[in-house]
1. In this structure, does Val80 turn out to be surrounded by 13 or more Cβ atoms within 10 Å (Cβ to Cβ) and either more than 19 Å from Ile16 (Cα to Cα) or small (Gly, Ala, Ser) (or both)?
2. Report, by residue number, each residue of the range 53-86 that is over 14 Å from Thr7 (Cα atoms) and without any contact (Cβ under 8 Å) to a residue 40 or more places away in the chain.
3. Mind listing whichever residues of the range 52-73 are surrounded by 15 or more Cβ atoms within 10 Å (Cβ to Cβ) and aliphatic (A, V, I, L, M)?
4. For Ile89, which of the numbered conditions (1) within 24 Å of Met1 (Cβ to Cβ); (2) in a strand (DSSP E or B); (3) of a type in the set (A, V, I, L, M, F, W, C) fails to hold?
5. Sort through Asp61, Asp12, Asp42, Asp75 and tell me the only one that's on the phi < 0 side of the Ramachandran plot and out of contact with any strand residue (DSSP E or B) (no Cβ under 8 Å at 6 or more places or on another chain).
6. Has the range 28-39 got at least one residue that is crowded, with 16+ Cβ neighbours inside 10 Å and assigned to a helix (DSSP H, G or I)?
7. Test Pro11 against the stated conditions and say whether it is assigned to a strand (DSSP E or B) and within 17 Å of Glu78 (Cα to Cα).
Amino acid sequence: MRVALITRDKPDALQIRLDNRDAHLAYIAETGVVEMAGPFLDPNGQMCGSMIIMNVETLEDAQAWTDNDPYAKADLFEKVRIEEWKKVIG
């Protein structure tokens with residue numbers, strides 16, 4: 001199943017994101033479930049959240065992936081949403 005992980009960073013947390021970005025990208029590469037991903041940008045063009053589309057067996061797998069993401073372990077996020085998602089175009 002495809003799942004969308006949508007996050008918003010805590011206010012003034014850009015440095016936490018930057019400090020953990022390499023580990024986050026390595027985690028994406030090593031787990032192999034992410035189909036596409038990228039940050040949301042604030043009005044100043046700074047990263048302030050993420051959208052990740054992953055292909056997993058269950059919502060529990062998506063939650064486990066999210067819990068083990070270095071960004072989550074660094075307590076970057078103010079909000080986290082996981083939703084089953086259906087690709088229609090693209």
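Throughout, read-outs are computed from the coordinates displayed, never taken from laboratory work. Please read these numbers as outputs of a predicted model, since none were measured by experiment. All Cβ positions, glycine included, derive from the backbone under ideal geometry; neighbour counts span all protein chains shown.
1. Working: surrounded by 13 or more Cβ atoms within 10 Å (Cβ to Cβ): yes; either more than 19 Å from Ile16 (Cα to Cα) or small (Gly, Ala, Ser) (or both): no.
For Val80, the condition - surrounded by 13 or more Cβ atoms within 10 Å (Cβ to Cβ) and either more than 19 Å from Ile16 (Cα to Cα) or small (Gly, Ala, Ser) (or both) - is not met.
2. Glu60, Asp61, Ala64
3. Ile52, Ile53, Met54, Val56, Ala62, Ala72
4. Tallying (1) within 24 Å of Met1 (Cβ to Cβ); (2) in a strand (DSSP E or B); (3) of a type in the set (A, V, I, L, M, F, W, C), Ile89 fails exactly one: (2).
5. Numbers: Asp12 fails: on the phi < 0 side of the Ramachandran plot; Asp42 fails: out of contact with any strand residue (DSSP E or B) (no Cβ under 8 Å at 6 or more places or on another chain); Asp75 fails: on the phi < 0 side of the Ramachandran plot.
Just a single option satisfies the conditions, and that option is Asp61.
6. Yes: one or more hits.
7. Values: assigned to a strand (DSSP E or B): no; within 17 Å of Glu78 (Cα to Cα): yes.
Spelling it out, it is not the case that Pro11 is assigned to a strand (DSSP E or B) and within 17 Å of Glu78 (Cα to Cα).
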